[in-house]
1. In the stretch 122-140, which residues are under 15 Å from residue 200 (Cβ atoms) and assigned to a helix (DSSP H, G or I)?
2. Of all residues in the stretch 75-94, how many are closer than 16 Å to residue 46 by Cβ, β-branched (Val, Ile, Thr) and touching a Ser or Thr at 6+ places or on another chain (Cβ under 9 Å)?
3. Any residue in the stretch 184-211 that is over 21 Å from residue 55 (Cβ atoms) sitting within a Cβ distance under 9 Å of a residue that is acidic (Asp, Glu) and at pLDDT below 85? List the pairs, counting only those 6 or more apart or interchain.
4. Can you report the number of residues in the stretch 153-180 which are among the hydrophobic types (A, V, I, L, M, F, W, C) and either surrounded by fewer than 18 Cβ atoms within 10 Å (Cβ to Cβ) or within 30 Å of residue 123 (Cβ to Cβ) (or both)?
5. Among the residues of the stretch 97-152 satisfying the criterion of being under 30 Å from residue 16 (Cα atoms) and out of contact with any strand residue (DSSP E or B) (no Cβ under 9 Å at 6 or more places or on another chain), which is surrounded by the most Cβ atoms within 10 Å (Cβ to Cβ)?
6. Quick one: what pairs do we get from the stretch 153-172, first residue part of a strand (DSSP E or B), second crowded, with 16+ Cβ neighbours inside 10 Å and of a type in the set (Phe, Trp, Tyr), C-beta under 7 Å, 6+ apart or different chains?
Amino acid sequence: MRYERYGWRPYVPVARRRREAERELRELAKKGHRASPVVVEGRAIARTFWGKAWCDNLERYSDFSNRLPRGRTYVRNGSVVDLEIAPGRVAALVSGSELYRVAVEVSAVSKARWTSISRDCAGAIDSLVELLQGRFSRGVMERLCRQETGLFPAPAEIGFSCTCPDWASMCKHVAAVLYGVGTRLDERPELLFRLRKVDEKDLIARAGRGLALSKTGPAAEKILAADGLSELFGLELGASEAEPGALEGAARTKPRRRGRKKAVPATHDETTTATRRGRRRPTSSRSRKASSSSSSRSSSRRKSRTSP
């Protein structure tokens with residue numbers, strides 16, 4: 001391939017680079033290598049706490065300030081066609097004038113530093129799910145992101161190489177891979193702990209050490225008696241230890257069924273009194289028959305008196 005002056009290769013459009021990268025990835029797939037490309041949706045490279053914290057950690061060091069802007073452009077246009085994160089190492093393929101191989105070495109967190117981080121975060125993280133989702137207090141965030149002594153690596157702890165002919169210590173392909181790590185942490189934040197060779201479960205395990213269960217019972221004055229419970233909830237509580245015979249007798253006794261009360265027929269005097277007061281009382285059939293017979297007898301007496 002013919003280079004231009006000063007050894008710079010000619011510019012290759014993004015569409016052409018993607019076609020060539022796809023062709024080479026198909027060749028790698030035939031050899032058993034399954035690519036894992038970095039896909040950035042929109043302008044934001046990272047959206048979660050872990051991805052943003054990784055990118056912010058890169059941008060606060062002046063050692064990387066010159067090459068990071070070109071790396072953001074490359075990762076946004078899909079040039080990082082493969083990225084794999086392993087303990088202490090990141091391996092990637094970046095599409096440029098041709099397909100370049102990038103390797104990033106990250107030092108492990110020292111035992112003393114990890115012990116300090118775990119001790120400072122003890123009791124502040126409730127579960128592994130909250131840890132990976134970034135749902136914890138601001139103090140925990142500041143401790144994990146602390147410069148030089150936190151979980152994220154400093155420039156002195158990062159080493160990298162690229163197969164491109166760029167003479168710079170950090171080329172744009174390496175910068176794109178470093179940003180691609182932030183995008184990948186959005187999807188799988190546990191990879192950061194794998195990269196730094198520490199176990200994220202240590203934070204949860206140490207959080208439970210200060211929560212030992214007490215074997216002694218509560219003080220006598222703090223125990224609420226049965227009478228107090230009855231007054232509090234409005235319930236009648238029986239004795240805690242009852243005699244077996246009493247329990248068996250209570251179990252054998254069947255509850256009585258509540259029947260309807262039979263209506264008592266009202267007398268003639270009560271009916272007459274209720275009628276005089278203007279009240280209507282329900283009467284039975286017997287009382288109605290008695291009233292009708294008495295009225296018929298009184299009418300027959302009147303007829304006998306008036307007959308000659």
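The values are calculated or read from the model by the stated rules, or taken from the named source; none is laboratory data. In this text, all values refer to a predicted model and were calculated from it rather than measured experimentally. Positions of Cβ are backbone-derived with ideal geometry, glycine not excepted, and every protein chain shown enters the neighbour counts.
1. Filtering the stretch 122-140 down to residues under 15 Å from residue 200 (Cβ atoms) leaves 122, 124-136, 140.
Correct list: 128, 129, 130, 131, 132, 133, 140.
2. 2
3. Short answer, once both residue conditions are applied: 204/126; 207/126.
4. Taking the stretch 153-180 and keeping what is among the hydrophobic types (A, V, I, L, M, F, W, C), we get 154, 156, 158, 160, 162, 164, 167-168, 170-171, 174-178.
This time we only want the ones that are either surrounded by fewer than 18 Cβ atoms within 10 Å (Cβ to Cβ) or within 30 Å of residue 123 (Cβ to Cβ) (or both), so: 154, 156, 167-168.
Residues in the stretch 153-180 being among the hydrophobic types (A, V, I, L, M, F, W, C) and either surrounded by fewer than 18 Cβ atoms within 10 Å (Cβ to Cβ) or within 30 Å of residue 123 (Cβ to Cβ) (or both): 4 in total.
5. Once the filter is applied, the top-ranked residue is 97.
6. Listed by first residue and then by second, the contacts come to 162/100.
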